[in-house]
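Participant: Can you read through this structure? Questions will come right after.
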Amino acid sequence: MTNLDSAFQTLADPTRRAILARLIQGEATVDEIRKPFAISQPSISRHLKVLEKAELITTRIEGTSRPRRIEPAAFAATDGWLKQYHAIWKANYARLDDVLDQLRQEEDTP
């Protein structure tokens with residue numbers, strides 16, 4: 001549960017979610033990640049450290065460059081947890097649809 005807690009705590013920040021959205025497009029350096037944000041490079045680096053500590057991204061060393069990339073396997077626990085609730089919500093919505101259909105039929109019956 002620690003990784004799941006860490007992932008959700010990390011994803012709670014909108015800047016980190018935006019960074020992940022950028023990294024979905026492909027790996028990028030700190031400067032490439034920072035461009036759309038109105039924050040400093042050290043601030044972006046702190047966000048990247050949090051993402052890396054939560055194991056949501058990894059860093060590849062390429063000479064003096066350190067491109068970051070998303071770590072898809074890290075989202076498996078989060079995805080699995082959400083799928084449990086998706087099944088519950090889907091069943092609840094199906095029951096609600098049945099109740100609404102029954103109410104409509106009762107309204108249509110004179």
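Participant: Is region 53-71 home to any residue that is free of Cβ contacts under 8 Å to residues at least 40 places away in the same chain, in a helix (DSSP H, G or I) and of a type in the set (A, V, I, L, M, F, W, C)?
Facilitator: no
Participant: May I pose another question? Residues in region 1-20 that are of a type outside the set (Ser, Thr, Tyr), at pLDDT 95 or above and assigned to a helix (DSSP H, G or I): how many?
Facilitator: 6
Participant: Oh, and also: Please go through region 1-28 and give me each residue that is under 19 Å from residue 60 (Cβ atoms) and surrounded by 13 or more Cβ atoms within 10 Å (Cβ to Cβ), ordered by number.
Facilitator: Residues satisfying the conditions are 19, 20, 22, 23, 27, 28.
Participant: Quick one: which residue in 109, 59, 64 is surrounded by 10 or more Cβ atoms within 10 Å (Cβ to Cβ) and of a type in the set (Ser, Thr, Tyr)?
Facilitator: 59
Participant: Moving to a separate point now. Of all residues in region 80-110, how many are assigned to a helix (DSSP H, G or I) and among the hydroxyl-bearing types (Ser, Thr, Tyr)?
Facilitator: The total comes to 2.
The values are calculated or read from the model by the stated rules, or taken from the named source; none is laboratory data. From a predicted model like this one, the values you see are computed outputs, not experimental measurements. Glycine also receives a Cβ, built like all others from the backbone with ideal geometry; neighbour counts cover every protein chain displayed.
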